[in-house]
Amino acid sequence: MRRWLAAGILWMLLVLVGYYAIHKPFSGNQAIALSWVFLHFISALLLAGLAGGVGRRILPAKRLAPLERFGLQAALGWGILGLIWLVVGISAAYRPAIAWGGLLVGWIFLWRENLGWYGELRTLGQVWRESGFFGKLLASVTGAFTGLQLIYALAPPAQWDALMYHLELPRRYLEQGRFNFISWNPYWGQPQLGEMTYTWGMLLSGDETAAVIGWLFQVILLVSLLGSVRRRVGTTAGWVAVIALLTGFSFRWMMSSAYVDGLASLMGYATLLCLLEWVDERQDHWLIWVGVLAGFAVVSKLTALLLLPLLAISVLVVGPHHSWRDWSKGLLAPGIALIIFSPWMLVNTVYTGNPLFPQIWPTEWTSHERISFFELPGESAGSQVLWMPLAATWYGLEKSRVEGVVSYGSDMGPLLVLLAVPGLIAGRKTLAIRVLTIWLLGGWLAMVVGGTLSPLLWQTRLYWVLLPAAGMAVGFGWQAFAGIQAFNIRLGRIVSAGIILVCALSLWQDVEAAVVHKPLDVVLGFKPPEDYLKSRLGWFIPAMLAVNELPEETRTIFLWEPRGYYSPPSSLPDVWIDRWYLTRQETDSPAVIMAEWKRAGFTHLLVYHDGAEFERANRPELTQEDWQAFDELLSGLKLKNDIGGIYQLYSLTP
């Protein structure tokens, strides 16, 4: 029988190999593309598994629900791995052998914990079985949303901030083989926990791996939020909370964008989870973990500093007040968070002399004029402050269509406010809801104060560290609506229909975009990356191709184009879109400006014409004389390439 078994296997291999050797199912290019897709995805999964295993070894948290442990341990592990990779970079050890070696060593020593962390996902099978028709429908929509964003993540990077610094900084580090000060990019001073994990992923298997890691940050958040709401409210409420986040256009599309807002939100979830466990159990070790994870949130996104006063207020409001020791607990978590954040402040101080570079005070690289030009004058929201949750929901990315509305900069979708506000009202007597209320009201107040000081701080995505609190409140809101019935009409069914409508419209948005962009075509190797990037980025890609085609010894300086990711390493993007303004502060003479650029080694100038025209119309700081000097400068240069009338490439030498 053994011989017949071997003969049967050999016969099957002979027939199948012979058939597909002649009838090739895909081309060589497609095979290469699929191999890269596999490598990007597996590399990201392995790194995520190591993060989960590290967190599992340090914090078993056996009393939590499995899906809650899944998110908490991942957040802790990502924080630790990010700091380790920062130390590796400072040690000038960014090399593929180190990246793969560190991953391999981690899996060798922690393979049980890593696999155990993945094993928590078995609970999803139970969740599916206990979900009714509506819950399974929402679960299916969740799969569609996240699956489509995974395809985008596997395609070449195309989002604005990623091309400006989230991926541009890691690219520069890898070119130098170390973590280093990138003096011309002020965003370097922002905390870089997310960028450190992206650097590791890019060194493992390329740029798309970083985007898949960013996708995993938000998938882990969604799975964990499902677990928390399921435990506290119910399974259907858990799926509703997940969908409330996913039907927010910005949350959905940032899954594939290689931004760090998702990581900050995951850290916010883990912080909130530990705080609620302290509320339930009154065991002070949870406050220590609250501080650690809040610190990692700040190292992910600087605006997460908002958590520190909110943690103190939350502990003081819901905790006991019998002694000074009880009162002092309010300072425990914020103090630990500052300790966790301090290494990054030390890095900033060593390189720039400013612990919160580029904010706070001027430096050699960020003059007072530059900071003032970047921050813009404050912008009052007027009466919007009284109904800001609705204003931010309705207008989101659509400021340009409504006169007098501040720019909220991201689209949260309609379901968060629709369900979170009733949830906070219905559960106002419970301690957990009181904590959620403190967090969300704190975010509201922070936006009002911050946005009045700087219009950049009106952007809701800057406060995504609080997003899990809104997600949990959604679950309670669904529970409240589901229990209302009058005249034989169940409000829960009406709200369910509304949720299905929102899901359908959101899916339509994504499908429409996929038809236009065709990300699957580039992922599967049906078309080259340049075609896909042109469909996403327009004339920017031909402009970058033109710069890359210049001789190797050339060097190009950009005006009004901040994105440098696809440009040669020698190029210098206009990251804060302030180069012409600052240059004019130093000299009035176009001839002197050109001489200074030549002296710095630049041979070409790339002008983003549309960006210049936007600044001309919207920047009163740039005077008519400044624009006349700009026109005079261009008139003395040789136009080498006009790229669609959008970009112009000039030679600085005759």
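Condition check ((1) crowded, with 21+ Cβ neighbours inside 10 Å; (2) outside the structural domain of residue 156 (by TED's automatic domain parsing); (3) in contact with a Ser or Thr (Cβ under 9 Å, 6 or more places away or on another chain); (4) in a loop (DSSP other than H, G, I, E, B)) across all residues:
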{"site": "562", "(1), (2), (3), (4)": "yes, yes, no, yes"}
{"site": "566", "(1), (2), (3), (4)": "yes, yes, no, yes"}
{"site": "577", "(1), (2), (3), (4)": "yes, yes, no, yes"}
{"site": "582", "(1), (2), (3), (4)": "no, yes, yes, no"}
{"site": "588", "(1), (2), (3), (4)": "no, yes, no, yes"}
{"site": "591", "(1), (2), (3), (4)": "no, yes, no, no"}
{"site": "595", "(1), (2), (3), (4)": "no, yes, yes, no"}
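Hey, any hits in the range 517-535 for a residue that's aliphatic (A, V, I, L, M), outside the structural domain of residue 434 (by TED's automatic domain parsing), without any contact (Cβ under 8 Å) to a residue 12 or more places away in the chain and not in a strand (DSSP E or B)? Before the answer, list the steps.
Restricting attention to the range 517-535, the residues satisfying the condition of being aliphatic (A, V, I, L, M) are 520, 522-524, 533.
Right, trim to outside the structural domain of residue 434 (by TED's automatic domain parsing) and you get 520, 522-524, 533.
From what's left, without any contact (Cβ under 8 Å) to a residue 12 or more places away in the chain: none.
No.
Would you confirm whether or not the range 423-440 contains a residue that is surrounded by fewer than 24 Cβ atoms within 10 Å (Cβ to Cβ), within 22 Å of the chain's Cα centre (by Cα) and either under 29 Å from residue 316 (Cβ atoms) or free of Cβ contacts under 8 Å to residues at least 12 places away in the same chain (or both)?
Yes - at least one qualifying residue is present in the range 423-440.
Yes/no matrix, rows are residues, columns are (1) at pLDDT below 95; (2) in contact with a Pro (Cβ under 6 Å, 6 or more places away or on another chain):
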site	(1), (2)
227	no, no
238	no, no
241	no, no
264	no, no
272	no, yes
282	yes, no
286	no, no
291	no, no
302	no, yes
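Only one residue in 74, 61 is in the same structural domain as residue 100 (by TED's automatic domain parsing), outside any helix (DSSP H, G or I) and surrounded by 15 or more Cβ atoms within 10 Å (Cβ to Cβ), so which one is that?
Numbers: 74 fails: outside any helix (DSSP H, G or I).
Of 74, 61, the one residue that is in the same structural domain as residue 100 (by TED's automatic domain parsing), outside any helix (DSSP H, G or I) and surrounded by 15 or more Cβ atoms within 10 Å (Cβ to Cβ) is 61.
Could you grab the pairs with beta carbons closer than 9 Å, sequence gap of 6+ or different chains, first residue in the range 93-109 and more than 17 Å from residue 40 (Cα to Cα) and in the same structural domain as residue 210 (by TED's automatic domain parsing), second one in a helix (DSSP H, G or I) and among the polar types (S, T, N, Q)?
Pairs that qualify, where the first residue is more than 17 Å from residue 40 (Cα to Cα) and in the same structural domain as residue 210 (by TED's automatic domain parsing) and the partner is in a helix (DSSP H, G or I) and among the polar types (S, T, N, Q), are 94/176; 94/199; 106/114; 107/114.
Out of the residues in the range 94-145 that are of a type in the set (Asp, Glu) and within 30 Å of residue 503 (Cα to Cα), which is surrounded by the most Cβ atoms within 10 Å (Cβ to Cβ)?
120
For residue 516, work out the one condition from (1) surrounded by 16 or more Cβ atoms within 10 Å (Cβ to Cβ); (2) of a type in the set (Val, Ile, Thr); (3) over 18 Å from residue 419 (Cβ atoms) it doesn't fulfil.
Every condition holds for residue 516 apart from (1).
Looking only at the range 460-493, which residues are free of Cβ contacts under 8 Å to residues at least 60 places away in the same chain and either touching a Ser or Thr at 6+ places or on another chain (Cβ under 6 Å) or part of a strand (DSSP E or B) (or both)?
If the condition is that a residue be free of Cβ contacts under 8 Å to residues at least 60 places away in the same chain and either touching a Ser or Thr at 6+ places or on another chain (Cβ under 6 Å) or part of a strand (DSSP E or B) (or both), then 485, 486, 489, 490 are the ones that fit.
Just to verify a result, which residue in the range 281-307, among those that are closer than 20 Å to residue 325 by Cβ and assigned to a helix (DSSP H, G or I), is farthest from the chain's Cα centre (by Cα)?
We begin by selecting, within the range 281-307, every residue closer than 20 Å to residue 325 by Cβ; these are 281-291.
Adding the requirement that they be assigned to a helix (DSSP H, G or I) leaves 281, 285-291.
Values: 281: 33, 285: 30, 286: 27, 287: 26, 288: 26, 289: 23, 290: 22, 291: 22 Å.
Top of the filtered list is 281.
Restrict the check to the range 350-359 and report whether at least one residue is of a type in the set (Phe, Trp, Tyr), more than 30 Å from residue 63 (Cβ to Cβ) and within 24 Å of the chain's Cα centre (by Cα). Lay out the reasoning, then the answer.
Of all residues in the range 350-359, those of a type in the set (Phe, Trp, Tyr) come to 351, 357.
After this cut, where a residue has to be more than 30 Å from residue 63 (Cβ to Cβ) as well, the list is 351, 357.
Filter again for within 24 Å of the chain's Cα centre (by Cα), leaving 357.
Yes, the conditions are met somewhere in the range 350-359.
Considering only the range 346-367, state which residues are surrounded by fewer than 17 Cβ atoms within 10 Å (Cβ to Cβ) and part of a helix (DSSP H, G or I).
Correct list: 346, 349, 350.
The values are calculated or read from the model by the stated rules, or taken from the named source; none is laboratory data. Just so it is clear, the structure is predicted and the values come from calculations on it, not from any experiment. Heads up, the Cβs are rebuilt from the backbone with ideal geometry, glycines too, and the neighbour counts pull from every protein chain shown.
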